[in-house]
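Derivation of every value follows stated rules applied to the coordinates shown; laboratory data play no part. Quick caveat, the model's predicted, so the values are computed rather than measured. Virtual Cβ from ideal backbone geometry, glycine too; neighbours counted across all protein chains shown.
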Amino acid sequence: MKIILILFIVQTKLDQSILSIKMNYLKKIILSLFFFQIFNCLFAYSQIKISEKDKSILITKNGIQYSFSGQFTILYADKNPNLALRPAGIKGVPYNVPTWETADINKADLLSSKSSDDFIGDGFDDAILKGKQARRTSNLFNPGKLYLALPSKIINKKDSVIFVYAETELFKLTATFYFEKSTNPKIKYQIIAKQKGYFSVGYTGAPAISPNQAEEIWQPLIWQEKRFPDNSYLTPSYMATLPTALVNDGVNSLGVLASPEYLPFDPLPLFTNSQFGISVRDKDGMAKPQVFSPILGSPKSLMNKDQIFEFCSIFNCRTKFYHANL
């Protein structure tokens, strides 16, 4: 009996020693992760600078500095541009893209396409394939009027930067850049309509790269690697397998992501409830990640006077290309 008691005491002490060792080891792991996170935060802050002269945010990654300006592009239409999906007319690729009606015949650049008996059955929508194609544009910059908003000054605060814009007769724009405690800072912006009409606000201040110099680009679903789009097509959020377009310069991949709350799983993502669109080709034909919200012609784009619309985008510079890990 004494031997059993002694063995029990020894085993208990041994278990306590093992437990103590495990707890100490766990504490070391937790402390290591804690200090790693602090270092990561400090490192992230050291990579971001403010250029008051250029009114831009400078982000350094792998020794390369990128300038993200406060530039926005606002699209406005006083009448419904009748947003609708239509075949893009891309040779050899039956692919549907958002299109709009345009009063300017010179901007009606949608290529005509014909449907055949091959496009019958589940997954093919006659309303899209056989819909009216005349006087429509697939270029997101063509419908309505285009306004380029550049900050007149910036206000540098401790944890944020406020971009100040001149107020126009159509809208009032405000934007704030936030220094998140990570490598992914974000910009929140707000537009107040001064007149009733259809509005779309695009963040277009990311770095632009010549398509020939880009190592790789990404815009879902068909533009990737060196396949650069021949027009400024918009990918609605329900088709965006990633909520961003991407441009890789051979070292880093640049993206401007829509914040996660604008791509909910419920309700089911559809064209009719897409809250934003992304594009990799800018107005001048350069490779640049851009995000527009709301999509011009969508229900949310119709705003009454003094109505407010808000959106948030996340800046991202990564060494690896996103879709390589999908």
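Summary of values
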| item | result |
| --- | --- |
| Flagged links, alpha-carbon separation over 31 Å, of Lys53/Lys107; Lys283/Lys305; Lys158/Lys300 | Lys53/Lys107; Lys158/Lys300 |
| Residue order, fewest to most surrounding Cβ atoms within 10 angstrom, among Ser138, Ser51 | Ser51, Ser138 |
| For region 176-242: rounded, prolate or oblate by the Cα gyration tensor [a/c cutoff 1.5] | oblate |
| Charge tally in the Cβ shell below 15 Å around Thr73, where Lys, Arg are +1 and Asp, Glu are -1, Thr73 excluded | +2 |
| Projected label distance in nm at Lys188 and Ala208, using a 7 Å step from Cα toward the beta-carbon | 3.0 nm |
| Long-range amide H partners of Gln307 with built H, under 5 Å | Ala193 |
| For Lys300, Lys91, order by how many other beta-carbon atoms lie within 10 Å, fewest first | Lys91, Lys300 |
| 3J(HN,Hα) from dihedral phi, region 151-168, Karplus parametrisation 6.51/-1.76/1.60, rounded to Hz, x for glycine, proline | x, 7, 6, 10, 10, 8, 9, 5, 10, 7, 10, 9, 8, 10, 10, 5, 6, 10 |
| Which of Met286, Met303 has the fewest Cβ neighbours within 10 Å, and the rest in rising order | Met286, Met303 |
| Built amide H within the under 5 Å cut-off of Ser253, gap 5+ | Arg318, Thr319 |
| Difference of contour (0.36 nm per residue) and Cα-Cα distance, Asp306 to Leu270 | 10.1 nm |
| Residues Glu52 and Thr168, FRET efficiency given R0 of 22 Å [Cβ-Cβ distance, rounded to 0.05] | 0.40 |
| Derived scalar couplings ³J(HN,Hα) [region 203-208; Karplus, 6.51 cos²θ - 1.76 cosθ + 1.60; whole Hz; x for Gly, Pro] | 7, 10, x, 6, x, 9 |
| Karplus-derived HN-Hα couplings along region 134-146 (A = 6.51, B = -1.76, C = 1.60, θ = phi - 60°), whole Hz, x at Gly and Pro | 5, 6, 10, 10, 9, 8, 4, 8, 8, x, x, 9, 10 |
| Local electrostatic count at Glu169 - Lys and Arg +1, Asp and Glu -1, tallied over other residues with Cβ under 15 Å | +2 |
